[in-house]
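A.B. asks: Once you've had a glance at the structure underneath, I'll fire off some questions.
The values are calculated or read from the model by the stated rules, or taken from the named source; none is laboratory data. What you are looking at is a predicted structure, and each value in this text was computed from that prediction instead of being measured. Cβ placement follows ideal geometry from the backbone for every residue including glycine, while neighbour counts extend to all protein chains displayed. Please note that ligands, DNA and RNA were not included when accessible areas were found on the heavy atoms of the full protein model with its side chains. Shrake-Rupley method; radii C 1.70, N 1.55, O 1.52, S 1.80 Å.
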Amino acid sequence: MSQQTIRCGYAAIIGKPNAGKSTLLNAILGQKLVITNPKPQTTRKKILGILNEPEFQVIFMDTPGIIEPKYLLQEKMMSHVYLALGDADVFLIIADITELGDGGLKYIEKLLEQFPRISRRPAILLLNKIDKAQPEILEKAIAEAEQTKVFKHIIPISALNGQNVPDVIRFVAECMPIHPKYFPDDIVSDEIERFFVSEIVREKILELYHDEIPYSSEIVIEEFTERENSKHYIAAMIYIERNSQKSILIGKKGEQIKKLGELARAGIEEFLEHPVYLELRVKVRDGWRTDARALRQFGYDIKED
Ligand SMILES: Nc1nc2c(ncn2[C@@H]2O[C@H](COP(=O)(O)OP(=O)(O)OP(=O)(O)O)[C@@H](O)[C@H]2O)c(=O)[nH]1
Ligand SMILES: [Mg+2]
């Protein structure tokens, strides 16, 4: 492939919490890279997922759901969204079709007012979760979206079962500028394995616990020792905000944390394709979600490249 015809650039996946952004990124990459969950605000940072083809490279950016921030962690999460918006050559705005209701695309108009940058780059609207939507609702949403004249393409998709995802990839690739590839061919993200391992632990916390626990948990991988001929050794610290949460997390006679450990280990082994010995530790870090220093230590401050 001649360097002159290669296309390469950034695509930001944005939308409300739970719209299916992370599920879409995994579908695009054809592998489970980022965590997904029915609870909102699963994704907390901008995460790159790189799709490599001989003739193009698209750097997709998964982002936290767009919200009105109520505390410092949420403010930091939104700054990750802004960063993705700034980097994007194309915007993938994803909406859950089953949540749209009457005039539901108004929120997208508000989004465009909020982020005027979007109108200066091609935007593609993805109407997601068509596997569980009535055809009439889909038709109505498409008609409504066409009226706005904002979108270069409007694509109904199911991120979950991959329906129309190849079209998304094709249209995005066409929007990429002619540019040599930014990343080597064989990497799927700029994040290190440790990050994805910590995310898998958090995903299992989202699955196992209710109420505030998942939102009050942050994971730090304290040790990660790779061993070629035996299990990798991984020690993960779970920070939570209060003592009462610590007892819930651990459970009676340690039953809950044991379950968490088993689920997380299985997920990590699948991701690393290697057996793992996982040790979970729990520590209280008072009010970390509103503590600027803690958030900096947990890596929420935006890094300038
Ligand atoms: N039925 C159906 N469910 C979907 C589809 N796409 C995503 N989901 C589900 O919707 C929920 C949210 O998906 P995520 O990918 O975590 O959503 P997100 O937009 O990344 O959410 P945040 O990270 O919280 O902003 C999960 O339970 C997914 O399985 C789809 O096409 N069809
Ligand atoms: Mg997500």
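A.B. asks: Assigned by TED's automatic domain parsing to the domain that holds ALA95, in contact with a Gly (Cβ under 8 Å, 6 or more places away or on another chain) and more than 30 Å from GLU255 (Cα to Cα): which single residue out of GLU136, GLU144 fits that description?
C.D. replies: On inspection, the qualifying residue turns out to be GLU144.
A.B. asks: Looking at region 188-206 only, could you name the residues that are in contact with a strand residue (DSSP E or B) (Cβ under 6 Å, 6 or more places away or on another chain), surrounded by fewer than 17 Cβ atoms within 10 Å (Cβ to Cβ) and assigned to a loop (DSSP other than H, G, I, E, B)?
C.D. replies: VAL188, ASP190
A.B. asks: Let me ask something additional. Quickly run through region 108-132 and pick out the residues that are within 14 Å of ligand 1 (Cβ to nearest atom) and of a type outside the set (A, V, I, L, M, F, W, C).
C.D. replies: Result: ASN128, LYS129, ASP131, LYS132.
A.B. asks: Do we find a residue being within 27 Å of LYS259 (Cα to Cα) and not aromatic (Phe, Trp, Tyr) anywhere in region 174-187?
C.D. replies: Narrowing region 174-187 to residues within 27 Å of LYS259 (Cα to Cα): none.
The answer is no, given that none of the residues of region 174-187 is within 27 Å of LYS259 (Cα to Cα) and not aromatic (Phe, Trp, Tyr).
A.B. asks: Examine region 277-293 for a residue that is open to solvent by 20 Å² or more (accessible area, probe 1.4 Å), under 24 Å from ILE47 (Cα atoms) and among the aromatic types (Phe, Trp, Tyr), and state whether such a residue exists.
C.D. replies: Taking every residue of region 277-293 in turn, none turns out to be open to solvent by 20 Å² or more (accessible area, probe 1.4 Å), under 24 Å from ILE47 (Cα atoms) and among the aromatic types (Phe, Trp, Tyr).
A.B. asks: Can you find a residue in region 240-259 that is in contact with a Phe, Trp or Tyr (Cβ under 6 Å, 6 or more places away or on another chain) and surrounded by fewer than 19 Cβ atoms within 10 Å (Cβ to Cβ)?
C.D. replies: no
A.B. asks: If a residue has to be touching a Phe, Trp or Tyr at 6+ places or on another chain (Cβ under 8 Å), in contact (Cβ under 8 Å) with a residue 24 or more places away in the chain and not small (Gly, Ala, Ser) to count, how many in region 190-220 make the cut?
C.D. replies: Total satisfying the criteria: 8.
A.B. asks: Can you find a residue in region 165-187 that is modelled with pLDDT of 90 or more, assigned to a strand (DSSP E or B) and over 20 Å from the mean Cα position of the chain (by Cα)?
C.D. replies: Yes, that holds for at least one residue.
A.B. asks: When the residues of region 119-152 are narrowed to those that are modelled with pLDDT of 95 or more and in contact with an Asp or Glu (Cβ under 8 Å, 6 or more places away or on another chain), which ends up least open to solvent (accessible area, probe 1.4 Å)?
C.D. replies: Of everything passing the filter in region 119-152, ASN128 is least open to solvent (accessible area, probe 1.4 Å).
A.B. asks: Hey, ARG227 hits all of (1) at pLDDT below 95; (2) surrounded by 15 or more Cβ atoms within 10 Å (Cβ to Cβ) but one; which does it fall short on?
C.D. replies: The single condition ARG227 does not satisfy is (2).
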